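Here's the structure we're looking at; comments come further down.
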Amino acid sequence: MRGAVLRRTTAVFVAGAGAFGTLGAAQAMPLEVQRALTTTGMNEQTTSYENAVGGAVAERFAPFSAATSGEPRNTRVWWQNDLRHLDFSGTSVYGTSGSILVGVDLLASEDAAIGFFGGYSETDSDSDVLGLYGQFEAQSFGGGFYAGYRLAPGVAVDAFVAYTYTDTDYIQGRQTGSGDSDRLTAGVGLSAAYMLGGITFAPRASVSITQDWHEGYSDQFGTPIGSNDSTLFRGYLGGRAGTTFDLGGTGMDGWLAAGVEFTADDAGAVSRVDDGASGRFGLGLSVPLGAARFSLEANTSGIGANDYVDFGGTMTLSYAFN
């Protein structure tokens, strides 16, 4: 599961020919690199939102664990933490990314819930090619709302909308600059859960769109860097399959996750998000803690993509009460 909610993206890149493909002249490079790293941040951010909202709604209305089923709770709070390693294909750029999202939702009726979420994330990556060094940082703040509805037993639909304000700073050799952007993300998903032969299957499908508007700015030498807009479309089709097992008297859920992610943006050749399909795989474990539940999944995405692959894990803690 790859948020617009308190987010920080830091990427360090090399300002050298070929580092991100066709980057153009030196003065144009900040805009091109900004565009490339912006689409990467949009993809990671949107994935986090989709996973968090989809997981929260599914836990209410289409739970993977039979232990979660039962009398519905009026209020549910959750926390999601992602930690990832980013590997940009064909370049020396690599880094780490971390994010924290928190949310709360309320039961509006027997089959509907509404909620809101917010969070913080940070990504740090670096590169050094031919002795040239650069740094790109973006710190974002925002929040969003979501809703879920049970269509049938074990089937639920979710939707969210989120806004992010982003302040970006970059260094390219001795050149520095700073600019602001606004980002709007919206998505909808469908989750289900059913048991067959002692195995629980939880398929999921989702689609989303993210729009980023970046204002123009000038570097410390007065060189103008033009405004820039980026649009990202995302889709996901996949799910989990697993079972409940006993460990020391505690019933735990284990699963394997697999799916296909579809992405497309308008950043052209400088984009670090592949236009097309890529694979996502994971291995997870969930443990009940009274009215709370703790889950941990190791996962990787971008498999088969030409731009970048990430490896990492997702931790989730939820608590339900009346």
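The values are calculated or read from the model by the stated rules, or taken from the named source; none is laboratory data. Treat the numbers as computed from the prediction; the structure is a model and nothing was measured. Methodologically, a virtual Cβ is constructed for each residue, glycine included, from the backbone with ideal geometry; neighbour enumeration extends over all protein chains shown. For accessibility, only protein heavy atoms count, side chains too; no ligands or nucleic acids. Shrake-Rupley method; radii C 1.70, N 1.55, O 1.52, S 1.80 Å.
Odds and ends about this structure:
- Matching residues, the range 221-268, being in a loop (DSSP other than H, G, I, E, B), open to solvent by 60 Å² or more (accessible area, probe 1.4 Å) and of a type outside the set (A, V, I, L, M, F, W, C): 227, 248, 249, 266
- Looking across the range 289-319 at every residue that is modelled with pLDDT under 90 and farther than 22 Å from residue 40 by Cα, the one that is surrounded by the fewest Cβ atoms within 10 Å (Cβ to Cβ) is identified as 290.
Residue by residue, here is whether (1) open to solvent by 70 Å² or more (accessible area, probe 1.4 Å); (2) of a type in the set (Lys, Arg); (3) at pLDDT 95 or above holds:
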position	(1), (2), (3)
119	no, no, no
151	yes, no, yes
180	no, no, no
195	yes, no, no
202	no, no, yes
216	no, no, no
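- So residue 28, is it among the aliphatic types (A, V, I, L, M), at pLDDT below 65 and open to solvent by 10 Å² or more (accessible area, probe 1.4 Å): yes
- Selection status of residue 156, hydrophobic (A, V, I, L, M, F, W, C), farther than 26 Å from residue 266 by Cα and either assigned to a strand (DSSP E or B) or more than 23 Å from the chain's Cα centre (by Cα) (or both): yes
- Summed over the range 34-47, the residues that are open to solvent by 10 Å² or more (accessible area, probe 1.4 Å) and modelled with pLDDT of 85 or more give a count of 0.
- Count of residues meeting criterion [modelled with pLDDT of 80 or more, more than 14 Å from residue 45 (Cα to Cα) and not in a loop (DSSP other than H, G, I, E, B)] in the range 69-92: 7
- Number of the exception - residue 95 against (1) open to solvent by 60 Å² or more (accessible area, probe 1.4 Å); (2) at pLDDT below 80; (3) in a strand (DSSP E or B): (1)
- Criterion: at pLDDT below 95 and either within 20 Å of residue 189 (Cβ to Cβ) or acidic (Asp, Glu) (or both) - qualifying residue of 281, 221, 233, 245: 233
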